[in-house]
Amino acid sequence: MTDNYEYTSHTAKEIAGQPSLWKETYDIIVLENKKIASFLNEALVFEDLQVLLIGAGTSAYIGEVLEKYVQQKLGHTTRAVASTDFISHSKDFLIDRQRPTLMISFARSGDSPESIAAIELADDFCKNLYHLIITCNPHGKLKKNANSRNSYVLLMPENANDKGLAMTGSFTSMLLAGLLISDLAKLSENKKYVDFLIKYGELILERYDQRIREVASQKFSRAVFLGSGPLKGIARESQLKVQELSDGQVICKYDSFLGLRHGPKAVINNSTLVVYLFSNDNFVNKYEYDLVRSINEQKEKSYEMGIGEVIGFKDEISLDLSIDTSERKNIPEEFFAVCAVLPSQMLGLYKSINLGLSPDSPSVKNSINRVVQGVNIYKR
């Protein structure tokens, strides 16, 4: 991507640099493996432990992708909660003061007021609380304020702290870290999935760069992103990337394949780009391909993109972005989710440029910022 990319924005470099970040992230987890395990084991001994995955915006979507995986691997009730919901309705999530709680916070800057307030609220309420803070900024308030008694801060690679407005490398690095930390006992075994991710990411960046540019140049004013299971969280992150990088000139929506039928399908018209994030589960594909057929029957769309490790329905889609390599292996969907967001990041980047915007700061009226502003935190 960088070899033939004539723009020098931070966002372009940050998107292209993600495969390298994934290797660095794995190496960091290996280096800190024993310390992380020791910290987590203090919390995991409690049978009634609850795990909360906390973040704001893109960082909250990490929790949505990870929720079921973390619950399965750690063996404790796990809930993804946006800090933007938590600070106004903390009593909905913190009910029993005595219940042991592990709060895993994801934050690029570590300076957003909601992230800081969420930790303070939990500290005030819970009698037995553990904080695992995964952040990209060594100078952020989350890092500086962490209490060594009940907190562990895991810093992502230096280049994961995106300089552009849109979270790209920070999102995928923290997502990968969450996956690896949830299954530390199999860290060495899971390296093969990280290696595949790196190959898949490089392939997407090289093979599909020009084709995604061409899609971005089309005149669509709406985009719908669809995903099943953990890929629904990636669909949500994908729609945000295109919407924020286009400064809202492309209105985006996300849903599950089955959920789209229950009303939201009405948004699809002749100026709508439809992006499918396909599962690598053949059973799930049956429902997904049924939806593709249904959309094709209504003939109302501008273009379709399909993203998947393997796509068995290529003839029905305008552009299929399948991995399809001789080394292809069906990796767990949660791992595939890490690279599945790349095409939408690239789409958002090129749409931003196509619209004459600056990808690093696309908000002409400054309505959105790299670190959210104007949020007041109130005490009950």
**Request:** Provide the gained length on full extension for the span T77 to D290, in nm with one decimal, where the gain is 0.36 nm per separating residue minus the Cα-Cα distance.
**Result:** 73.4 nm
**Cβ crowding within 10 Å averaged over residues, with 229-241, 266-278 ranked highest first** = 229-241, 266-278
**Prompt:** When the chain is fully extended, how far beyond the present Cα-Cα distance does N330 get from S88, taking 0.36 nm per residue of separation?
**Reply:** 83.1 nm
**Request:** Considering the options I87, T168, W22, tell which one lies farthest towards the positive end of the dipole of the chain, charges being +1 on Lys and Arg and -1 on Asp and Glu at the Cβ, about the Cα centre.
**Result:** I87
**Asked** In whole angstrom, how far apart do the alpha carbon centroids of segment 170-200 and segment 224-274 sit?
**Response** 26
**Prompt:** Taking 0.36 nm per intervening residue step and subtracting the Cα-Cα distance, what contour gain separates T8 from Q298 on full extension?
**Reply:** 100.3 nm
**Sorted peptide list for 184-190, 162-168, criterion being average Cβ within 10 angstrom, highest first** = 162-168, 184-190
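Quick note: the coordinates plus some simple rules give every number you see, no bench work behind them. Fair warning: this is a prediction, and the values are worked out from it, not measured in the lab. Glycine gets a Cβ as well: all are built from the backbone with ideal geometry, and neighbour counts include every protein chain shown.
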